[in-house]
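The values are calculated or read from the model by the stated rules, or taken from the named source; none is laboratory data. All figures in this text were calculated on a predicted structure; none of them were measured in a lab. FYI the Cβ positions are ideal-geometry reconstructions off the backbone, even for glycines, and counts take in every protein chain you see. What goes into the accessible areas is simple: the full protein's heavy atoms, side chains included, and nothing from ligands, DNA or RNA. Shrake-Rupley method; radii C 1.70, N 1.55, O 1.52, S 1.80 Å.
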Amino acid sequence: MLDLKFVRTNPEIVKEALAKRHAEINLDDFLRQEEQRRQLIFEVEKYKAERNKTSDEVARLKKNGENAEHLISLMRDVGAKIKELDQKLSEIDNKMQEVLYTIPNIPHESVPVGKDEKDNLEVRKWEEPRQFNFTPLSHFELGERLDILDFGRAGKVTGARFTFYKGLGAKLERALINFMLDRHSKKGYTEIFPPFIVNRQSMFGTGQLPKFEQDAFKIENTEYFLIPTAEVPITNYHRDEILDAEKLPLSYCAYSGCFRAEAGAAGRDTRGLIRQHQFNKVELVKFSLPENSYQELENLTADAEAILQELGLPYRVVVLSSGDLGFSSAKTYDLEVWLPSFNSYREISSCSNFEDFQARRANIRFRRGLKEKPEYVHTLNGSGLAIGRTVAAILENYQQEDGRVKVPQALQPYMGVQYIE
RNA sequence: GGAGAAGUAGCGAAGUGGUCAUAACGCGCCGCACUCGAAAUGCGGUUGUCCGCAAGGGCACGUGGGUUCGAAUCCCACCUUCUCCGCCA
């Protein structure tokens, strides 16, 4: 959420940002309502001040045993007026909130302006894709042949876009979770195991609601949602708090299941592990001083990259264009891993700086000094990494001609075997 | 799920319809004094937010409604925590 005062005083900047994102929002209507709103506040507060003053007077009169009937009857009208104006004010507030809550974040100046993902820019690349002297199989073919992934039975038991992991497949999934958490906590991220279900307020805090409710799984007859990412519970962990500036940046890593309705993705990536309704992820979250947040974004991205490097998976880093940028993000780097069966790079991590956009929604602040005013922190997060897609990348990149899959060196202590066969 | 109790500043807590919400009192924290220094002691300070150039106002006692000229205080609903019972991995 943007600062209302900022929108009012910098309408041109906001309009330009909306244009860069190809978002259609009528800002002029909004600004007119804002004008009205302030007028109403001014009016109703005048009446309230009068009421407060007169109430004191009534109290004094009654205490002295004098008659206050004339004042009381006067205040009856004032009370009615206040009620009426307050109602008007809350109506206009509600209308404005509907708009304000759907205005996306302003892209950082370093974000390339573009239409969609085709305008994302490659920032760097790590290692060249492996060359095969045989035709590489897809991870789902490998998974089924090795009897470590079972999509068919998941379809029977649950439905499309779910998977059973089995034997060394299940162990690989678990090994990756442990491996990543171990690496990140060694780097100073505090490990957290969060709830996988959150309330509406938390989903609002990180920006999933109100605009993207159709993407979430909501639990019937409750106001609970399955989390689409650990970002939601971890960022909201500090909701409505004032943090100590000396403790910043706070860095957390968390494993969680992730649940996504994938509304609008019908027909895309229907086979394999790439797009599931349920997947596992290790997430990195940071709460940073505003002046350090872009350095922290580089740090966080590097920490996610280190996992890919240790696993020996070729990848590239792209910076998302303004047209592809997520709603809450000011700047995002995607890490894309090489997937031989796709003959292309696919997103395996997304690292974003939200600046104060989430912090304002979730009311997460810090104080520089004892007498200083609280300020909003900057929040960041990134996958470190998506586990299912990492499994897919390992199976495809480490497959051997004989159909076996070599276990990456770094993972062997966690797997206890050198080959999946 | 059932019964009961409670939610007020960083913490503990007073306030049960009006002159007590920059919220009594205590602890903590900050500053000053005293001291060679510290402890102890004394004095002072210590919520956030909104409107406004400012002066000055408004709002907030778990949350949302209601009653009233006026609500921390009365009524209703909900949330959270604690205790006991039931159930359960």
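Give the residues of the range A:167-195 that are free of Cβ contacts under 8 Å to residues at least 12 places away in the same chain and either of a type in the set (D, E) or touching a strand residue (DSSP E or B) at 6+ places or on another chain (Cβ under 7 Å) (or both), sorted by residue number.
Correct list: A:D182 only.
Write out, first by first residue and then by second, each pair whose Cβ atoms fall under 8 Å of each other, whose residues are 6+ apart or on separate chains, and whose first residue, in the range A:59-84, is under 28 Å from A:E43 (Cα atoms) and free of Cβ contacts under 8 Å to residues at least 40 places away in the same chain while the second is polar (S, T, N, Q) and more than 6 Å from RNA strand B (Cβ to nearest atom).
Hits for this filter: A:L61/A:N67; A:L71/A:T54; A:L74/A:T54; A:M75/A:T54; A:V78/A:T54.
For A:A302, only one of the following conditions fails: (1) within 29 Å of A:I106 (Cα to Cα); (2) among the hydrophobic types (A, V, I, L, M, F, W, C); (3) in contact (Cβ under 8 Å) with a residue 12 or more places away in the chain. What is its number?
It is condition (3) that A:A302 fails.
Restricting to the range A:67-117, and then to whatever is part of a loop (DSSP other than H, G, I, E, B) and at pLDDT below 90, can you tell me which residue is nearest to RNA strand B (Cβ to nearest atom)?
Selected residue: A:A68.
Taking the criterion of being closer than 22 Å to A:Q278 by Cβ, more than 16 Å from RNA strand B (Cβ to nearest atom), in contact (Cβ under 8 Å) with a residue 60 or more places away in the chain and not acidic (D, E), would at least one residue in the range A:345-361 satisfy it?
yes
Go through the residues of the range A:159-169 one by one and say whether even a single one is farther than 17 Å from A:L395 by Cβ, loosely packed, with under 14 Cβ neighbours inside 10 Å and in contact with a Pro (Cβ under 7 Å, 6 or more places away or on another chain).
Looking through the range A:159-169, none of the residues is farther than 17 Å from A:L395 by Cβ, loosely packed, with under 14 Cβ neighbours inside 10 Å and in contact with a Pro (Cβ under 7 Å, 6 or more places away or on another chain).
Can you tell me which residues in the range A:365-394 are open to solvent by 10 Å² or more (accessible area, probe 1.4 Å), outside any strand (DSSP E or B) and at pLDDT below 95?
Hits for the range A:365-394 are A:R368, A:G369, A:L370, A:K371, A:E372, A:K373.
To keep it simple, each residue is scored yes or no on (1) touching a strand residue (DSSP E or B) at 6+ places or on another chain (Cβ under 9 Å); (2) open to solvent by 10 Å² or more (accessible area, probe 1.4 Å); (3) assigned to a loop (DSSP other than H, G, I, E, B); (4) not basic (K, R).
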| residue | (1), (2), (3), (4) |
| --- | --- |
| A:L273 | yes, no, yes, yes |
| A:S293 | yes, no, no, yes |
| A:G323 | no, yes, yes, yes |
| A:Y333 | yes, yes, no, yes |
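Here are the criteria: (1) more than 30 Å from A:E298 (Cα to Cα); (2) within 31 Å of the chain's Cα centre (by Cα); (3) surrounded by 11 or more Cβ atoms within 10 Å (Cβ to Cβ). Tell me which single one A:E127 does not satisfy.
It fails just one condition, (1).
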